[in-house]
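Asker: This is the structure I have questions about; it appears just below.
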Amino acid sequence: MDGTLSLILLALFLWGLSSRRLARAELTAPAAFVLLGLLLAEGIGVLPLDPSPTTVKTLAETTLAWVLFADASRLPLRALRADLGLCARLLGIGLPLTIGLGALLAYGLLPGVSGWAALYVGAALAPTDAALGAAMMVNPSVPARIRRLINVESGLNDGIATPVVVLALAGVVAGEGASHSGAPGAAVADLAIGLGYGCVFGLVAGWLLKAALRRGWPAPDFVGAGVLALALLAYTSAVAIGGNGFVAAFMAGLVFGAVRGTPQPEMQFVEQTAGLSSALVWLLFGAVLVPTAFDHLTWQAVVYALLSLTVIRILPVALALLGEGLGGRTTLFMGWFGPRGLASIIFGLLAVEELAPDAAKTVTPVVVCTVLLSVLAHGLTSVPLAERYGRTPAARRIDATDPAGPSDSAELPVRGMTGGTSTPA
């Protein structure tokens, strides 16, 4: 174990030294750590990594709670107000259409998939992860408004999709004849508790921190660690009272950020810690989940993965943005840059944990294949497509008519351990 841990720590250190430089070669943190996991576990076989399901599940759930809280709490509200209509269309029209279309195609294409399982596949693969296109997200050739929309969508759609994933998994469990505790009705109750509790938790926590900072009580070098604990507390305390921890963490972050206000310098520590934990999840994905899923991979899963990254994503985005005057090139660009990443991996881990082995083997290879293809495809196309789109008249027109104005056009920080939020030199 010491040798394994040393290799992982060395990889993290080397990535910290060279992440900006490697970004020039279109290598993102997810791609790097997935490849590292595959190489160590399957290539040279020097990584005796066999974590227990409990260990993997704990890491995955902790990471998702951090990410949901951090993404929701860091929204730039002034900039978001200018794009509220487009954000509402992407999340209120595009996301449900993506889940519905994904579920419909999963039910028709994947063998042995029930209606609840098809809904799980559609919802688990609906959230996007801007970190997989981090090179595009920090490229000034792409209009700030487009980067802002893609990143806001990425920051919110995983939290919105989580209740659907939880409900679908409960439906699959109930269909397998498992205990009544996994029935959809119980899942709905858990979601309602998590929703209400998260709002109250975020309101109280945000008010307390804001009041304490106004009085100068917190030490600047520890307030970030306190907010990190707060993000996890929202999750664990919600679970303790019978609510859904993920929904609670997301809502707590959303309300906390609104009460606290932006900018929030203490969130940098939370985001960096979430980035570190995300890198470990990506490494486990490459070392553990990918080889296991490939043992049960079918041609239907591969076809669905390709459809998920193209038709299932692009068509709903096009319908959601219809009539907004963004143009076909911009719509296609935004539709393509909907990578599947960390949230989908963790939803896959939840399926492995909660479903019977036969049911898990039916749905998890689809999730794994889609994420793996997304890591490769979006990582390789981020730079060339961003540069090409940035030279189009449509991009220049959007940049010139950005309603947020130049002073408010700063993007969200990109979670991907890319080495910064500026273009690599």
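Bear in mind these aren't lab numbers, they're just calculated from the coordinates by the rules spelled out. Keep in mind that this is a model prediction, so the values were computed, not measured. Cβ sites come from the backbone with ideal geometry, for glycine too, and all protein chains shown count toward neighbours.
Asker: Which whole-number percentage describes the relative contact order of the chain, with Cα contacts under 8 Å and a sequence gap of 6 or more? Walk me through the intermediate numbers first.
Answerer: Details: 664 pairs, mean separation 140.0, N = 425.
It comes to 33 percent, rounded to a whole number.
Asker: Starting from the alpha-carbon convex hull of the range 90-190, give the projected area averaged over all orientations, in nm². Let's see the in-between values first.
Answerer: On the way: hull surface 30.4 nm².
Mean projected area for the range 90-190: 7.6 nm², to one decimal.
Asker: If you don't mind, there's one more thing I want to ask. May I ask you to list the residues of the range 234-252 whose amide nitrogen lies under 15 Å from a point 7 Å from Cα along the Cα→beta-carbon direction of ALA258?
Answerer: Residues 248-252 fall inside that zone.
Asker: Can I ask one more? If the only charges are +1 at each Lys and Arg Cβ and -1 at each Asp and Glu Cβ, what is the size of the charge dipole of the chain around the Cα centre, to the nearest 20 debye?
Answerer: Values: 24 positive and 25 negative charges, 280 e Å.
Using Cβ point charges on Lys, Arg, Asp and Glu, the chain gives about 1340 debye.
Asker: Positive end of the charge dipole of the range 25-408 (Lys, Arg +1 and Asp, Glu -1 on Cβ, about the Cα centre): tell me which of VAL166, ALA205, LEU232 has its Cα farthest that way.
Answerer: Highest projection toward the positive end goes to ALA205.
Asker: Counting other C-beta atoms within 10 Å, and keeping those with at most 13, which DSSP coil chymotrypsin sites (Phe, Trp or Tyr not before Pro) do you find in the range 219-279? Could you put the intermediate results ahead of the total?
Answerer: Numbers: sites: PHE222, TYR235, PHE246, PHE250, PHE256, PHE269; in loops: PHE222.
Listed in order of number, the matching sites are PHE222.
Asker: If you take the square roots of the eigenvalues of the alpha-carbon gyration tensor of the range 124-277 and sort them as a ≥ b ≥ c, do you get rounded (a/c under 1.5), prolate (a/b over b/c) or oblate? Spell out each step's value before the answer.
Answerer: Details: a/c = 2.46, a/b = 1.28, b/c = 1.92.
The shape class here is oblate.
Asker: Quick check: from the Cα gyration tensor, does the chain come out rounded (a/c under 1.5), prolate or oblate? Can you show the working numbers first?
Answerer: On the way: a/c = 1.21, a/b = 1.11, b/c = 1.08.
Because its axes are fairly even, with a/c under 1.5, the chain counts as rounded.
Asker: Which residue, GLY159, GLY323, GLY348, tops the fluctuation ranking in a GNM of the chain built on C-alpha contacts under 10 Å?
Answerer: Comparing GLY159, GLY323, GLY348 in the GNM, the peak value goes to GLY323.
Asker: ALA211 to LEU104: extension gain in nm, 0.36 nm per residue of separation minus the Cα-Cα distance? If you can, show how the numbers build up before the last one.
Answerer: Numbers: separation 107, 0.36 × 107 = 38.52 nm, distance 4.90 nm.
Gain in length upon complete extension: 33.6 nm.
Asker: Another question, if that's okay. Sorting check: for 237-245, 66-74, which peptide has the highest mean count of neighbouring beta carbons within 10 Å, and how do the rest follow?
Answerer: Details: 237-245: 18.6, 66-74: 28.3.
Ranking the peptides 237-245, 66-74 by packing returns 66-74, 237-245.
Asker: I'd like to compare 190-201, 369-380: which one has the highest average count of other Cβ atoms within 10 Å, and what's the full order after that?
Answerer: 369-380, 190-201
Asker: Also, quick follow-up: For the range 291-404, taking Cα atoms only, what is the radius of gyration to one decimal and the Dmax to the nearest whole Å?
Answerer: 17.4, 54
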